[in-house]
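Bear in mind that the values in this text are calculations on the coordinates, not laboratory data. Fair warning: this is a prediction, and the values are worked out from it, not measured in the lab. Please note: Cβ atoms are built from the backbone with ideal geometry, for glycine as well, and neighbour counts cover all protein chains shown.
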Amino acid sequence: MHRMRYDIRRLVLPAFFMTLGALGSPLRADLIRPHGFRAYPNIAGDMVGEQTYEFDRTRQLGVFRVTNAPHVITLGPTRRHMIDVMPDVEGTLNETLQLTLDRQGKLVEQPDNGFELRGSVTIAGKVYEGLLLKGRPTAFGAQGLGQDAKGISGVFDLSLKVTGGKLARAFGPEAYFRITPQGGSTFQGDFTADFTGGRPLTSLRATRGESAPIPVPEPTLVLFLATCGGGYVATRLLRRRKARRRQAFATSVSRRGATPTTYLMPRSRSVGPAPSSARGIRRSP
């Protein structure tokens with residue numbers, strides 16, 4: 001009898017303490033790459049977009065979306081390898097992701113799953129513009145964090161199979177995409193409920209060891225001025241570029257012709273408005 005009681009304690013007590021530990025611990029990480037990695041090229045997304053997730057209880061499936069704007073492409077470990085990503089000739093500057101998940105947050109194959117990145121970048125004197133990268137998600141991961149984790153309540157990542165784009169050869173056959181909402185995230189680790197996240201910080205990078213090299217340009221004029229003490233001029237130029245990127249992103253995600261743009265006509269140097277300087281309305285193309 002004594003031996004039986006000992007065996008029961010040996011089996012029950014460990015299970016009891018494991019249950020307590022599971023209840024008291026935060027959600028375990030389920031990221032594809034929990035610790036990340038460094039690889040080039042690496043395209044960082046500006047914090048101007050949004051992340052959404054809508055769960056359909058009838059189908060028991062959810063749609064995960066991210067809309068953002070590419071900010072800079074990094075070709076190496078130093079600042080001189082950083083190049084701004086600008087709007088293309090049509091004024092488009094954005095990256096979009098859509099994928100379908102089941103109630104456990106696992107990727108479900110659907111025809112509309114996909115990733116696209118559009119814009120313009122000049123590398124070693126050559127301009128790449130339009131569709132820079134296109135891919136199909138092959139795996140998805142997520143990590144739910146406690147509310148005390150400095151306001152960040154979730155991190156997401158995924159693997160992409162590169163299927164096209166002007167920079168496809170530079171990234172190679174596979175790419176890695178990481179999303180970290182910077183404000184207002186409502187994700188609590190539950191994929192059977194809707195959640196959103198604002199200002200997502202994104203990073204799109206080549207899979208380690210599988211990317212083709214890109215010619216590295218010489219330092220730009222802006223970096224040269226900043227190095228020589230022209231920090232004020234460089235800062236103004238960078239602010240203007242960032243404002244253009246934000247404006248292009250806002251235009252690209254709005255419907256065509258939905259919002260009229262108001263502008264003032266030229267003014268006369270003598271007394272005031274020129275004869276044809278009445279306020280006009282021009283609709284966005």
Legend entry - Whole-Hz ³J(HN,Hα) from phi, Karplus 6.51 cos²θ - 1.76 cosθ + 1.60, for region 117-124, glycine and proline x: 10, 10, x, 8, 8, 10, 10, 6
Legend entry - Theoretical gain in end-to-end length, GLU90 to LYS126 [0.36 nm per residue, Cα-Cα removed]: 11.2 nm
Inset, instruction - Describe numerically, in nm with one decimal, the distance between label points set 7 Å from Cα along Cα→Cβ at ARG103 and at GLN60. - result: 0.5 nm
